[in-house]
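Contents: one structure, followed by commentary.
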Amino acid sequence: MATAISLEALSPSEPEPLAFRRRFGRKLVLNILDDAGVAGIGTPEALAAFGDCFAALDGHPDLTLRRNGGGPADLAHFMGWGPAFLYGPTRKASRRILTIPRPPASSAAGALARSAAEAWLLAAATRADAIVTPTPGAARRIAGLEPAAPVWTIPMAVPDGFTPSPGLRRRGRALLGIEEGSPIVLGAGGLSPEDRIDDFAAVARARPSALFLWIGLAGGGPEDGPAIDAFAGGGPPNLRFAGGFSESELPAVFNAADAFLHPAPRMDAPGIPLRAAACGLPLAVRELPGRPLPWDAELLGGADVPALARAIGRLLDSEPERARWAALSRRLAEPHRIAAVAKRLVALYDLAACGELARPPRTNKRTRRFAGG
């Protein structure tokens, strides 16, 4: 069975020059390819996970990095797993890395669609030297399909600027129009049942002393979105839709809050809770039986509204508890800083380009069929 591998064992301070430079006497030529289009499965999520790291790699002394360039390359890193991976310019790269942000999931089309997506994944894995995914949970689930390529976990990167800051807190309170002293519990996402805004409202009803703010992520004010009570069933008076905010405003808005509640069960691509954690916000997240959280970390959570309300109460009622969980959030975010993730990517590129990534044994019949074995 394939094994999910962590890069924790690799030092993020890999000494220069890279092993590729020592072995071949030149820079490693790397092509970053966006598998664009509707069939570019996972491309937006892959770019959200690692896209900010590529600017940090510009000027690396042992890398020549091209974005969507042609010509031969020592290594191609694909953002997504659409048809370009199998049929595009991969023939011009000696080695290939495939980014799969999350494993195939059931959809409205049901089990047949999931089976087809898994078959496509296994076919792509036969031509990859490694599969990269940003969470340990996703890595374990992908490895369970027994792909022909090893599965590596590299944490998704948090954009610069998401840090705890008293100045950002003051700015965020001003943006929200809320004075210091009022406890704020923040939630983020769409105004839709899938984001479980009804559960967010129910927790707000259970904690009337705190202000619960739900924010959008695309800009615009409260008047631009539908009324919150259309989704929350006539929410309590301490519940508000605060409007939409751009990426540049989110660090201030996150800093303005005292806790972050994430009631949605979808945690395979956990960019928003992670950004909140990077700003030092203690998290309370949805836990589902049989589904591990995306991070191997200590987190407050609950499977239902009463459990989530207890978690929020634990944060709001005790300053030492809030400080403790805020510190754990900051610790959770540290491996996701751009510099740390970029160094881990370089370590993986070096191993892949040197041909030092061992392929797992193929025991799954589906894998053998796609591999021609």
Within the range 227-242, restricting to residues that are touching a strand residue (DSSP E or B) at 6+ places or on another chain (Cβ under 7 Å) and assigned to a loop (DSSP other than H, G, I, E, B), the one that is modelled with the lowest pLDDT is ILE228
Scanning for something touching a Leu at 6+ places or on another chain (Cβ under 6 Å) and at negative phi, does the range 172-183 turn up at least one residue? yes
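Yes/no per residue for (1) in contact with a His (Cβ under 6 Å, 6 or more places away or on another chain); (2) farther than 28 Å from ASP350 by Cα; (3) at pLDDT 70 or above; (4) not in a loop (DSSP other than H, G, I, E, B):
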{"residue": "MET79", "(1), (2), (3), (4)": "no, no, yes, yes"}
{"residue": "LEU86", "(1), (2), (3), (4)": "no, no, no, yes"}
{"residue": "LEU98", "(1), (2), (3), (4)": "no, no, yes, yes"}
{"residue": "PRO104", "(1), (2), (3), (4)": "no, yes, yes, no"}
{"residue": "ALA109", "(1), (2), (3), (4)": "no, yes, no, no"}
{"residue": "LEU112", "(1), (2), (3), (4)": "no, yes, no, yes"}
{"residue": "ALA116", "(1), (2), (3), (4)": "no, yes, yes, yes"}
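Any residue at all in the range 47-58 that is in a helix (DSSP H, G or I), under 29 Å from PRO273 (Cα atoms) and at pLDDT below 80?
From the range 47-58, those in a helix (DSSP H, G or I) are 47-57; that's our starting set.
Next, only the ones that are under 29 Å from PRO273 (Cα atoms) stay: 47-57.
Now drop any that are not at pLDDT below 80, which leaves none.
Scanning the range 47-58 turns up no residue that is in a helix (DSSP H, G or I), under 29 Å from PRO273 (Cα atoms) and at pLDDT below 80.
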For the range 175-204, what are the residues that are surrounded by fewer than 17 Cβ atoms within 10 Å (Cβ to Cβ) and in a helix (DSSP H, G or I)? LEU175, PRO193, GLU194, ASP198
Does ASP268 satisfy the condition of being among the charged types (D, E, K, R) and modelled with pLDDT of 90 or more? no
Filtered residues of the range 28-44 (kept if modelled with pLDDT of 80 or more and closer than 14 Å to LEU98 by Cα): LEU30, ASN31, ILE32, LEU33, ASP34
Quick check on this structure: which one of VAL285, VAL305 is assigned by TED's automatic domain parsing to the domain that holds VAL185, farther than 18 Å from ILE272 by Cβ and modelled with pLDDT of 70 or more? VAL305
Within the range 29-53, restricting attention to residues that are in contact with a Leu (Cβ under 8 Å, 6 or more places away or on another chain) and in contact (Cβ under 8 Å) with a residue 60 or more places away in the chain, which residue is surrounded by the fewest Cβ atoms within 10 Å (Cβ to Cβ)? CYS53
For residues that are touching a Pro at 6+ places or on another chain (Cβ under 7 Å) and among the small types (Gly, Ala, Ser), scanning just the range 118-145, find the one that is nearest to ALA347 (Cα to Cα). ALA130
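The values are calculated or read from the model by the stated rules, or taken from the named source; none is laboratory data. Here the structure is a predicted model, which means the values were calculated and not measured. Here the Cβ is made from the backbone with ideal geometry for all residues, glycine too, and neighbour counts use every protein chain on show.
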